[in-house]
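To start, the structure under review is shown below, and the notes come after it.
The values are calculated or read from the model by the stated rules, or taken from the named source; none is laboratory data. The model shown is predicted, which means the values in this text are computed figures rather than measured ones. Note that each Cβ is placed from the backbone with ideal geometry, even for glycine, and that neighbours are counted across all protein chains shown.
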Number of protein chains: 4
Amino acid sequence: MQETGYPYSVEFAVRDYECDIQGVVNNANYQHYLEHARHEFLISKGISFAKLHEEGLDLIVTRVDIEYKYPLKSSDRFLVTVIVQREGNIRIVFLQDIFRLPDMKPVVRARVTGAAIKNGKPFYPAEVIKKLGLE
Amino acid sequence: MQETGYPYSVEFAVRDYECDIQGVVNNANYQHYLEHARHEFLISKGISFAKLHEEGLDLIVTRVDIEYKYPLKSSDRFLVTVIVQREGNIRIVFLQDIFRLPDMKPVVRARVTGAAIKNGKPFYPAEVIKKLGLE
Amino acid sequence: MQETGYPYSVEFAVRDYECDIQGVVNNANYQHYLEHARHEFLISKGISFAKLHEEGLDLIVTRVDIEYKYPLKSSDRFLVTVIVQREGNIRIVFLQDIFRLPDMKPVVRARVTGAAIKNGKPFYPAEVIKKLGLE
Amino acid sequence: MQETGYPYSVEFAVRDYECDIQGVVNNANYQHYLEHARHEFLISKGISFAKLHEEGLDLIVTRVDIEYKYPLKSSDRFLVTVIVQREGNIRIVFLQDIFRLPDMKPVVRARVTGAAIKNGKPFYPAEVIKKLGLE
C-alpha cells in the first residue's frame, strides 16, 4: 500500500466488466468502490456490516454527494480513502476520495452520510460509534 | 407481449449500463436477465423467491449452461422465455431462450438447473413442485 | 403509465439481483435506474447516448447528489422522473425523483449534473441543447 | 499468492454489494470473477482485451458451463484459476475453478469457450494464439 497521508485507504484495480460503452468505469460503479472501501474500513475497526444485519442493526446510507473529476479506464489501479466524522447525534459522515495510481490524479471526491436503523427505526449505534472512536 | 408459442416470456429492453467496452451487453448480464425472468415466472405461479428465503427455504442454481449466439446492443428489446421441467427427484430444470425483438433473432440459449435447500441442506420443496405443476 | 404531473417518467420493477444482503435495493443500483431514465428521456428527445459516443461526443456526469428516503424491496414497482435544466453555459442539470408505486412514496431525490466532452475536451453540445429545448 | 499447483490464479475477496437477498454471492457475479481472472491471465501473456477491441478485434465468449458447488459469503477470500486449451481451429477453451481460501473448498467449476471476431466476422487470431502458446 502506498503511503498516502490518509488514515485509511484500500487499493483496487478496474475490472473490464465495470467499464461501459464509453470505455470508462460506469458512474454507479464508483459507488460500489466507495461502499467496499467503507465496509473494509469498518471491518478494520471490528465492525461487520453483514453481521450487524444478522443482529437486526442496519447501517444505511441516507445521502451521497459525488464529484466526478476524471474517469478510470480498463486496468487502472486506484486508491479509495476513508475519513469518518460524526455529524450531530445520529449521523456519521464518510469523506472519501478516489485517486488513480501511481500518479494520484484525483478521480472522485465523495461525501457519504450514514445512519443506523434497528427494526426499521432510527437507532443510536453506541457500540459502532465507540469502535469508530467518535464518542 | 408478443405471441411467441412459449408458455411464459418476459419482455426487456437493454439498459446502457449493461453494455461493456465492446458496446454489447456484458455476458454476465444475460444471467441477470435469465434470473429475473425465472423469478417473474415463479411469481406468476404464486412462488416468491424473496419470501421463500425469509421462511428459510432457498431455491438455488446448481448449474448453468449458456450458449451465446448473437449479442444485444444499446436499446435492443428482447424476450426471455421460460420452460420448466423436473429432473430426477430433487432437481428442477429451466430451459430458457432469449430472442431479440421484433425479429426473434436467437441471442442466448440456456439450461439452468436448480434445487432447494432448507437450513443449508437439500430439501424436497413439495409446495413449489406442486405450484409448478411438476408433481 | 401513471399520471404524475411530471413531464417525463419511466416505470420500473425491482429485480431480485438488484437487492443486497439487507434485502433492499443496493444504493448504487438507484444510480443505474436514474441513468436509464435519463437515457430513455434523451431518446424521447431524439438523442442517443450510444450513438453520440460513436460520433466522438460523450455526455458525462460531473456530479450526483442523491438523498435516500425510503428503500425499495423485491418486486416493488416504481417511477423515475426526469426534469432537465440548464446551468450556466456548459452544464445540464437533471432533477430526478424516484417514487414507489402505487402509493407514490418518495424513495430517492437526486440532482445529476452533466456536461459534454469531445475528444476529451469540454464542448458546447449545441444540437443536444436545442433538442432539449434549453436554448 | 497461495501455491496452488495451477499455472495461473488470481485472488479476490467478496465485496458486500456482490451478495444478494440470500446473503451469498449472486450467481451472475461468479461470471464477473471468471471474466476478470481471464482478462488478467491474458494481460499476463501480453494480451489486452480492451486494446484488442480498439484495434477492431473482439474476443468473445460463445458458451459457458458453470457448476455451482458451494456459495461464497461476505468477506470470503477466494482463488480463481485459469487453464487455457485450444479446441479445433478457432475455439479457445478456458477451464476455470474457484476455490474458497484458505481451505480450498471448491466453489465453482467452469468451462468457458471463446472465439475471436473481426469486424463482426469469425477470425483466426494468430497473434493471440501464439502469445497463449497454443500454436
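Observations, loosely collected:
- Options C:46, C:5, C:56: the member that is without any contact (Cβ under 8 Å) to a residue 12 or more places away in the chain and either over 30 Å from residue A:57 (Cβ atoms) or of a type in the set (Phe, Trp, Tyr) (or both): C:5
- Hits in region D:102-127 - residues which are modelled with pLDDT of 95 or more, over 17 Å from residue D:29 (Cα atoms), charged (D, E, K, R) and surrounded by 14 or more Cβ atoms within 10 Å (Cβ to Cβ): D:105
- Meets criteria (in contact with a Leu (Cβ under 8 Å, 6 or more places away or on another chain), within 14 Å of chain D (Cβ to nearest Cβ) and in contact (Cβ under 8 Å) with a residue 24 or more places away in the chain) for residue A:80: yes
- Number of positions in region A:1-23 that are within 14 Å of residue B:16 (Cβ to Cβ) and modelled with pLDDT under 95: 4
- Taken over region D:28-51, the criterion of being among the polar types (S, T, N, Q) and at pLDDT below 95 is satisfied by D:48 alone.
- One residue stands out in region A:53-74 among those that are in a strand (DSSP E or B) and among the basic types (Lys, Arg): the one that is nearest to the other protein chains (Cβ to nearest Cβ), namely A:63.
- Residues being in a helix (DSSP H, G or I) and touching a Lys or Arg at 6+ places or on another chain (Cβ under 8 Å) are entirely absent from region A:16-28.
- Long-range neighbours under 7 Å by Cβ, at least six apart or interchain, first residue in a strand (DSSP E or B) within region B:117-135, second of a type in the set (Asp, Glu) and surrounded by 14 or more Cβ atoms within 10 Å (Cβ to Cβ): B:117/B:58
- Residues of region C:75-101 that are under 13 Å from residue C:36 (Cα atoms) and part of a loop (DSSP other than H, G, I, E, B): C:82 alone.
- Checked against (1) touching a residue at least 40 places away in the same chain (Cβ under 8 Å); (2) within 24 Å of residue C:13 (Cβ to Cβ); (3) more than 15 Å from the chain's Cα centre (by Cα), residue C:70 passes all but condition (1).
- Any hit, region A:92-109, residues being in contact (Cβ under 8 Å) with a residue 24 or more places away in the chain and at the interface with another protein chain (Cβ under 10 Å from one of its Cβ atoms): yes
- Residue match in region A:92-101 (condition: polar (S, T, N, Q), buried (at least 21 other Cβ atoms within 10 Å of the Cβ) and under 22 Å from residue C:26 (Cβ atoms)): yes
- Criterion: within 14 Å of chain B (Cβ to nearest Cβ), acidic (Asp, Glu) and either surrounded by fewer than 17 Cβ atoms within 10 Å (Cβ to Cβ) or without any contact (Cβ under 8 Å) to a residue 12 or more places away in the chain (or both) - qualifying residue of C:40, C:87, C:11: C:11
- Of all residues in region B:19-37, exactly one satisfies the criterion of being at the interface with another protein chain (Cβ under 7 Å from one of its Cβ atoms) and β-branched (Val, Ile, Thr), namely B:21.
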